[in-house]
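Everything on this sheet refers to the single structure shown next.
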Amino acid sequence: MANCPDNKLRIELFDTAIPGLSLEVRSSGGKTYYLRYRDTRGHQRQYRIGDAKSISFDQAKKVASKLRGQIALGIDPATEKTTLRQVPTFTDFMEQRYMPYVKGYKRSWQADDSYLRNHLLPAFGKKYLDEITKHDVIQFHHGMRTKDYALGTCNRCLIMLRYALNLALRWEIPGFKANPTKDVALFEDLNKKERFLTELEAQKLYGTVCQSENPMLKYIVPMLILTGARKREVLDAKWEDFDVVRKQWRIPVTKTGRPRHVPLSDGVLQLLDSIPHDDCPWVFANPKTRKPFVSIFTAWNTARKRAELSEVRIHDLRHSFASFLVNAGRSLYEVQKILGHTQVKTTQRYAHLSQDTLLDAANEVSKAVPLTLAMPKTVEQVALVRV
């Protein structure tokens, strides 16, 4: 095996069979295989194949031949290696890029932080983004279910993982080229029940909120039902966000991070007009602090129990708003726009049709094709047939 002369720090020996393949021999005794080549721009490059103690000469020749084939196709191995070094681990990406991003617009970023620390980091934290496979994702998703986590928790973790990796693609993170969560299906919760208020229940609930010790609850709950807005959107609403002339409510900060506009119905305008309005900037402010309520749960819980609707959640008022619209014959597109959904699939879970509406729809066929009028009304009218 070649050795470095005493009067030199290093020498480089080139292979005669494979152009560019060399062995660097150093005075320290170290030996390393390299491949010299020119990239597509004609620049001289050098790619480190490996230490001579780890790979043999025959192995080095095989690697060099493979690399020269890639170079002929326009693939620069040095660039590929540099790109791989730039791929962050899942932990680094989530902590340095994802969490700072969602904290800038997402009110519920604490929930993301909890899912990240308790579920996602233990499963994917040490992996580089390009090492996460679809098998890893499916195994994680189904593994949570075998640990008896609720279907909703399992699905929310998958949704968050999918969103985070889609951001990595959008931000063109080096070395990350495909989202492994693509086409991984969410669990379908067949037992999940959507709760929608009937008109009678809504009236009953309004009666109890008017009796609440919280003087603002009688304005907050109707606002939720009449607009389909989220709880925090209503509690944080400011007078300056309402354009009464154009009948429009601009919600500056939403769940998606983008502002949206909600049409103001005549009922909402009448409600706003009935709210005491002084120099306080918030519409539904706590009279004691003159700032938005941190929580209205105690007052809400008392009111819903008095109305015998203890299972109804505040968010179900948003469901009910969509239900009332659909039952009134409005399209899913209209509901989607008012609720601010980016996908119609999200709107469909709110598009509940009442039994009365379904019966009315089914009865349209009877009206169009009145077959029952031609049917016999008594047994005597049925002709006997000899068999």
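The set of residues in the range 200-223 being free of Cβ contacts under 8 Å to residues at least 60 places away in the same chain, surrounded by fewer than 19 Cβ atoms within 10 Å (Cβ to Cβ) and outside any loop (DSSP other than H, G, I, E, B) consists of Leu200, Gln203, Tyr206.
Number of residues in the range 132-162 that are modelled with pLDDT of 95 or more and aromatic (Phe, Trp, Tyr) equals 1. Scanning the range 112-141 for residues that are surrounded by 13 or more Cβ atoms within 10 Å (Cβ to Cβ) and assigned to a helix (DSSP H, G or I) yields a total of 18. Pull up the range 9-23, narrow it to residues that are part of a strand (DSSP E or B) and buried (at least 18 other Cβ atoms within 10 Å of the Cβ), then point me to the one that is nearest to the chain's Cα centre (by Cα). The selected residue is Leu21. Inclusion of Glu194 among residues that are among the acidic types (Asp, Glu) and more than 19 Å from the chain's Cα centre (by Cα) is warranted.
Conditions tested, residue by residue: (1) free of Cβ contacts under 8 Å to residues at least 40 places away in the same chain; (2) among the aliphatic types (A, V, I, L, M).
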position	(1), (2)
Leu9	yes, yes
Leu23	yes, yes
Gly29	yes, no
Thr32	yes, no
Ser56	yes, no
Ser65	no, no
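Among the residues of this structure, Leu161 counts as one that is touching a Ser or Thr at 6+ places or on another chain (Cβ under 6 Å) and not basic (Lys, Arg). The number of residues in the range 156-180 being crowded, with 19+ Cβ neighbours inside 10 Å and free of Cβ contacts under 8 Å to residues at least 60 places away in the same chain comes to 7. Tallying residues that are assigned to a loop (DSSP other than H, G, I, E, B), surrounded by fewer than 17 Cβ atoms within 10 Å (Cβ to Cβ) and either in contact with a strand residue (DSSP E or B) (Cβ under 7 Å, 6 or more places away or on another chain) or not small (Gly, Ala, Ser) (or both) within the range 271-311 yields 15. For the range 259-270, the candidate set comprises residues that are touching a residue at least 24 places away in the same chain (Cβ under 8 Å) and closer than 21 Å to Arg107 by Cβ; within that set, the residue that is surrounded by the fewest Cβ atoms within 10 Å (Cβ to Cβ) is Arg260. In summary, Asn327 fulfils each of the numbered conditions (1) at pLDDT below 90; (2) surrounded by fewer than 16 Cβ atoms within 10 Å (Cβ to Cβ) with the single exception of condition (2). Against the list (1) small (Gly, Ala, Ser); (2) loosely packed, with under 13 Cβ neighbours inside 10 Å; (3) over 23 Å from Asn3 (Cα atoms), the condition Gly29 fails is (3). Would you confirm, using the coordinates I've provided, whether Arg232 is assigned to a helix (DSSP H, G or I) and surrounded by fewer than 19 Cβ atoms within 10 Å (Cβ to Cβ)? For Arg232, the condition - assigned to a helix (DSSP H, G or I) and surrounded by fewer than 19 Cβ atoms within 10 Å (Cβ to Cβ) - is met.
The values are calculated or read from the model by the stated rules, or taken from the named source; none is laboratory data. Remember, predicted model here, so these are calculated numbers, not experimental data. Counting neighbours? That spans all protein chains shown, and the Cβs are built from the backbone with ideal geometry, glycine included.
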